[in-house]
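Contents: one structure, followed by commentary.
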Amino acid sequence: MLFLSMALLKISKYWLYQFVGWGINLAVSVFIMFSMGKATPLYYKSLALTILLGVFITHIMRYQMKQMKI
């Protein structure tokens, strides 16, 4: 447990929130698909792409906000 808390201290709040937010998004999406019983390999590929693009786009937005000092 101590190792985990020490590792979390080295991660910025931004990345921690990114991982938690997109992790919750992933968990809810997979839960809904399992509940409906229609999960396919294409679904998982599109979900992974959505999360990767989401992290990329929010990272670009953060960069722009820092540049503009917002």
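The values are calculated or read from the model by the stated rules, or taken from the named source; none is laboratory data. The structure displayed is predicted, hence computed values, not measured ones. Reconstructed Cβ throughout: ideal geometry from the backbone, glycine too, with neighbour counts over all protein chains shown.
Values as computed for the structure displayed
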{"read-out": "Candidates ILE32, ILE11, ILE51, ILE57 - the one that is without any contact (Cβ under 8 Å) to a residue 40 or more places away in the chain, assigned to a loop (DSSP other than H, G, I, E, B) and not charged (D, E, K, R)", "value": "ILE11"}
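Results for (1) surrounded by 10 or more Cβ atoms within 10 Å (Cβ to Cβ); (2) in contact with a strand residue (DSSP E or B) (Cβ under 6 Å, 6 or more places away or on another chain); (3) at pLDDT below 90, shown as yes or no for each residue.
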{"residue": "MET1", "(1), (2), (3)": "no, no, yes"}
{"residue": "ILE11", "(1), (2), (3)": "yes, no, yes"}
{"residue": "TRP15", "(1), (2), (3)": "yes, no, yes"}
{"residue": "PHE19", "(1), (2), (3)": "yes, no, no"}
{"residue": "TRP22", "(1), (2), (3)": "yes, no, no"}
{"residue": "TYR63", "(1), (2), (3)": "yes, no, no"}
{"residue": "MET68", "(1), (2), (3)": "no, no, no"}
